[in-house]
Number of protein chains: 2
Amino acid sequence: MSNLSNVNSITSAPENSAGQTAVDELIADMQQLGQRARAAAGVLACASTAQKNAALRAMAAALDAQRQALEAANQQDLAGAAERKLDPALIDRLALTPARIDGMLEGLEQVASLADPVGSVSELCSQPSGIQVGRMRVPLGVIGMIYESRPNVTVEAASLCLKSGNAAVLRGGSEAQYSNQAIAKCVAQGLSEAGLPEYSVQLLPTVDRAAVGIMLKMRDAIDVIVPRGGKGLIERVSAESDIPVIKHLDGVCHVYIDQAADIDKAINIAINAKTQRYGTCNTMETLLIHEQIVDLVLDEIAAQLAAHGVEIRACERSKPLLRDAVSATEQDWYEEYLAPILAIKIVNSSDEAIHHINQYGSQHTDSIVTENYSLAQHFLRAVDSSSVMINASTRFADGFEYGLGAEIGISTDKLHARGPVGLEGLTSQKYIVLGDGHIRQ
Amino acid sequence: MSNLSNVNSITSAPENSAGQTAVDELIADMQQLGQRARAAAGVLACASTAQKNAALRAMAAALDAQRQALEAANQQDLAGAAERKLDPALIDRLALTPARIDGMLEGLEQVASLADPVGSVSELCSQPSGIQVGRMRVPLGVIGMIYESRPNVTVEAASLCLKSGNAAVLRGGSEAQYSNQAIAKCVAQGLSEAGLPEYSVQLLPTVDRAAVGIMLKMRDAIDVIVPRGGKGLIERVSAESDIPVIKHLDGVCHVYIDQAADIDKAINIAINAKTQRYGTCNTMETLLIHEQIVDLVLDEIAAQLAAHGVEIRACERSKPLLRDAVSATEQDWYEEYLAPILAIKIVNSSDEAIHHINQYGSQHTDSIVTENYSLAQHFLRAVDSSSVMINASTRFADGFEYGLGAEIGISTDKLHARGPVGLEGLTSQKYIVLGDGHIRQ
């Protein structure tokens, strides 16, 4: 663990000797956690599908048997949250209701029923030298997950990491600490009942922030960090981490209605992309409309948006055509509203639309509505986003809708995983070479 | 370009105002270079295969026509190198002989003849909602290459980046600066003859090291850094870069001769893996032998190694069985000799061999020699290396031998690319969704 020598600077611990001792102990605990995770990862990489599924189902059984203990632990967290007068929305996410526990059990069964990505071999073919070369899918090793105060994410993270053959180091929000500990006990029980190392899934030893700082420097022990939560959390984790991060920050998604669009499809897609849900990252935030089709679609779209209570921020050209619209500022084109607000811009050409998307978008999800075959093909190539769509609502950008069976998150990066990330995103591929005594000439 | 505000600290420029002006100018030049690269990348992402191949062939024609200019520029570099009394091996690599220029032309033709990875769509299939979801291969964007003083790498880097649809920012060794500039002129000429942006491939404006420091902070302008050269260069680049790096550091490769090995295959593979070439990263550095087969293979292997002049560093158990062997220290198991030296260790079991490889290896390439089917399968899963082989020489770990057609390098990382990296490693995949007016329910 080469990178722990200078972590003191990030732990903001008191500098007196008692504080220093506490920091040293925490570092020692974290090193032990890292070594246990690495050892567990070695076992998990070779675990059979049956064994991993047995562990997932044993976790579900343990959670089901411990409902009372889970609810009692959750009460402690809820009491703490009430005492600290936390935001009601946070308190709501924190609550472990019987229905949410049911949801965790169903989630475990779902992950158990997914195909195991580990060990699958693709592209195996013979080379001129006579060797066969292929690629085998393998776990990444140890995944570090950092998330906010939704205790069910502890189960979700544990199950996805396990199924993909990875050990997990989990850091949930401190508000959920007692719930997370109770859940982690059930997870450990499931693992050991299936004969897998109980250290396959570990919570950090403390919810002290200093532990997160140390975690993000443990390059030798953790292979990738997956933060889940608000933009603030993800930005902090990305800035501080020495370990590669799988993340997405913004979802500034566009629908472009081309001059060759089918009118009904255009209206339906625009309304669905904006209004089906407001707070999701794949919700449309800016609607681009070709000037030649404005007369045919804008009034109807505006009327339907108004019926949904959506506020419009309009460009200079569309503003006069819209009642009650606010003038859009330059900043509006960058905005992820996550709210019933939509920016609308009229463009001269498809090129202007593509240019606008690549300039102001967040490389998340962008859709064109057109019946023009060549333009549709060009849009797929030219728009530099993790999901590019033709005649479909941006709301489809989702691991389940894409058939991945599960979703860890949506990556807007280009290296490793791009777009919705399922189990495959938690794996890598190694080359395998099958010979029969072959030597290189 | 958000990350350039604090680069002064890494430029080690003088702090007087004249020095500061020079730094400011360099930063401005680098920002312009970054903007030009980003703009060129947008065009290249949509360039046709025919256009990219035309540019590659026009580059070859330009280089062929400019042989005299290339050789004159190279003379300047060689004179500088002689004056600075540089290492003869470096001077040899620096020389642009007519044969090396021929090699560059052939390399360009080879890359032109490779399949274009960009735009290929895989896994397109229908989902329950009716949308079709697939993945399209896309360029990464802008690749930054940093390499030592072999001018032919300038052509190689330019051609691989272009074929994979990426813009390139190149920083070759300062010793080759005049040669690289002459080559870059031909590259630019080829690009513009094919109607592609001449800024698709740019050299840094100066060989001043400060420019590299700035380059490694240009996260908005450069998507990935590929260093090529010695371990020192790669370590420096990795440590300093804010941009993801595709790299490998060490090749501590193993052959494990199992008790169920075919004797002839074992001996041939061991000798080939060590002696076919000594200085390559896929050369075996440690030979592991099961105790049950030592008597049948060790003498013959030792005799053949002796005939090749290979020095043996032997474990405690093998030392008494070997004439002239040196005792191995703990450090030997970590060593990448890149020389006629081999560490040999006798193990009790295949598990000990696998454990040794995962503990001391560098996750590069490791091979088992065995006729035991179940063990071979287990070895493929359990050895955590970028290439894992059965009954084949580690020397096969190579982009050309694997059928990739070209090799940028060999990655021992797990994220993004692992093992030999060809054109595909310079690309990513985005999701494409084809609908017909589909909206989410």
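The values are calculated or read from the model by the stated rules, or taken from the named source; none is laboratory data. Predicted model, so just to flag it, every value in this text is computed and none were measured. We place every Cβ from the backbone using ideal geometry, glycine too, and count neighbours over all the protein chains shown.
For this structure, a couple of remarks:
- Just one of (1) farther than 23 Å from B:SER428 by Cα; (2) at pLDDT 95 or above fails for A:LEU338. It is (2).
- Residue in region B:276-295 that is assigned to a helix (DSSP H, G or I) and closer than 27 Å to B:LEU380 by Cα present: yes
- For region A:170-180, the criterion of a residue being away from chain B (no Cβ under 14 Å), within 20 Å of A:ASP64 (Cβ to Cβ) and without any contact (Cβ under 8 Å) to a residue 60 or more places away in the chain is satisfied by at least one position.
- Of the criteria (1) surrounded by fewer than 20 Cβ atoms within 10 Å (Cβ to Cβ); (2) in contact with a helix residue (DSSP H, G or I) (Cβ under 9 Å, 6 or more places away or on another chain), which one B:LYS163 fails: (1)
- Complete set of residues in region A:203-234 that are among the small types (Gly, Ala, Ser) and not in a helix (DSSP H, G or I): A:ALA221, A:GLY229, A:GLY230
- Residue check for A:SER113: within 14 Å of another protein chain (Cβ to nearest Cβ) and surrounded by fewer than 21 Cβ atoms within 10 Å (Cβ to Cβ): no
- Of residues in region B:406-428 being part of a strand (DSSP E or B) and in contact with a Ser or Thr (Cβ under 8 Å, 6 or more places away or on another chain), the one nearest to the other protein chains (Cβ to nearest Cβ): B:GLY419
- Answer from A:GLY405, A:GLY422 - the residue that is over 18 Å from B:LEU434 (Cα atoms) and either buried (at least 19 other Cβ atoms within 10 Å of the Cβ) or of a type in the set (A, V, I, L, M) (or both): A:GLY422
- Considering each residue of region A:307-323 in turn, at least one proves to be small (Gly, Ala, Ser), surrounded by 19 or more Cβ atoms within 10 Å (Cβ to Cβ), more than 20 Å from B:ILE439 (Cα to Cα) and within 34 Å of the chain's Cα centre (by Cα).
- Summed over region A:242-274, residues that are in contact with a helix residue (DSSP H, G or I) (Cβ under 9 Å, 6 or more places away or on another chain), in a loop (DSSP other than H, G, I, E, B) and not charged (D, E, K, R) total 9.
- Checking B:GLU148 against (1) within 12 Å of chain A (Cβ to nearest Cβ); (2) at pLDDT below 95, the condition it does not meet: (1)
- Out of B:ALA69, B:ALA62, B:ALA54, sole residue that is more than 29 Å from B:LEU426 (Cβ to Cβ), at pLDDT 95 or above and more than 14 Å from chain A (Cβ to nearest Cβ): B:ALA69
- Candidates are the residues of region A:337-384 that are in contact with a helix residue (DSSP H, G or I) (Cβ under 7 Å, 6 or more places away or on another chain) and part of a loop (DSSP other than H, G, I, E, B); the one that is nearest to the other protein chains (Cβ to nearest Cβ) is A:ASP384.
- On inspection, B:GLN35 does not qualify as surrounded by 15 or more Cβ atoms within 10 Å (Cβ to Cβ), of a type in the set (S, T, N, Q) and at negative phi.
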